[in-house]
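Asks: Got a structure for you, written out below as structure tokens; questions coming shortly.
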Amino acid sequence: MEAVLLNSGGIDTLASIVAMKEADSELVLHSLTVWIGQKNFGPAHRAAQEIAGKHCVTTDLMLLGDFAFKENGAFKIPYRMVLFHMAAAIKARHYGVEYIISGIDDGFSENFGRKVTDMLTEESRAPYAPVVICPVRKLSRGERIFLAKKDPLFPITVSCEEAEPCCVCQKCLDRRAAGIA
């Protein structure tokens with residue numbers, strides 16, 4: 001299988017790679033990192049580059065601009081998963097591949113990947129649209145960490161959405177529980 005990997009440089013990205021490679025040892029990946037205003041972009045991009053260097057045949061960075069804004073004291077990026085998947089669909093079409101691998105957050109519906117695929121098929125008027133595969137969507141956070149820990153790059157992953165780890169959000173607490181800062 002050949003696919004575009006949405007590469008955030010995080011645990012879910014690495015867990016997705018491990019899960020997919022366990023299922024298909026011939027997996028060929030094209031890495032795509034998308035910037036839309038994430039505060040942690042510097043460290044996350046460095047981690048994504050290292051992950052891509054080990055696991056992917058190509059690596060791309062797409063700078064879409066700063067879509068982040070502050071709401072009720074917190075930075076928000078509305079529709080970010082839709083933006084990420086649309087960018088990945090563009091790259092998938094460019095590379096002529098049929099799949100997008102996403103370490104999608106478990107807060108999304110079970111049908112998110114199918115809905116994105118359906119929307120891409122309808123909008124593109126192409127003979128096919130890439131199929132979104134979310135290999136870790138149904139796994140618990142602990143199961144994702146267990147998978148990601150199988151790869152030696154696990155310690156360099158970035159989870160916190162702040163510019164520097166805040167040490168109080170759930171993602172930072174999960175990292176601490178897994179034995180990494």
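A short reminder: the numbers here are calculations on the coordinates, not readings from a lab. As the structure is a prediction and not an experimental result, all values here were calculated from the model. Glycine gets a Cβ as well: all are built from the backbone with ideal geometry, and neighbour counts include every protein chain shown.
Asks: List SER8, SER16, SER140 from most exposed to least, where exposure is judged by having the fewest other Cβ atoms within 10 Å.
Replies: Exposure proxy ranking, most exposed first: SER140, SER8, SER16.
Asks: Something else about it: Let me check against my output: what whole-number percent is the relative contact order of the chain, with C-alpha pairs under 8 Å and at least 6 apart?
Replies: This gives 29 percent for the chain.
Asks: Quick one: work out the % antiparallel among DSSP beta bridges in the range 2-177, nearest 5.
Replies: The answer is about 15 percent antiparallel.
Asks: Given the Cα-Cα distance of GLU162 and GLU50 and 0.36 nm per residue of separation, how much length would full extension add, in nm?
Replies: Residue separation times 0.36 nm, minus the Cα-Cα distance, leaves 38.3 nm.
Asks: Consider the candidate values (1) 45; (2) 37; (3) 26; state which one is percent of Cα pairs over 26 Å apart computed from the structure displayed.
Replies: It is the value labelled (3).
Asks: Same structure again: If each residue's Cβ is checked for other Cβ atoms within 10 Å, how do HIS85, HIS94 rank with the fewest at the top?
Replies: Ascending Cβ contact count within 10 Å gives the list HIS94, HIS85.
Asks: Quote to one decimal, in nm, the extra length available between GLU98 and ASP118 on full extension: 0.36 nm per residue of separation minus the C-alpha distance between them.
Replies: 5.9 nm
Asks: How do 29-40, 53-64 rank on mean C-beta neighbours within 10 Å, highest first?
Replies: Highest-to-lowest ranking by the protection proxy: 29-40, 53-64.
Asks: Relative contact order for the range 1-98: what percent, with Cα pairs under 8 Å and sequence separation of 6 or more?
Replies: Relative contact order, the range 1-98: 33 percent.
Asks: Same structure again: By how many nm would the segment from ALA177 to PHE69 grow when fully extended, if each residue of separation counts as 0.36 nm and the alpha-carbon distance is taken off?
Replies: Gain on stretching ALA177 to PHE69: 35.8 nm.
Asks: Who wins for biggest fluctuation among ILE133, ILE77, ILE51 in a Gaussian network model of the chain, springs between alpha carbons below 10 Å?
Replies: Per the Cα network of the chain with a 10 Å cutoff, ILE77 tops the list.
Asks: For the chain, set up a Gaussian network in which alpha carbons nearer than 10 Å are linked by springs, and say which option among ILE100, ILE90, ILE17 fluctuates the most.
Replies: The residue with the greatest mean-square fluctuation here is ILE90.
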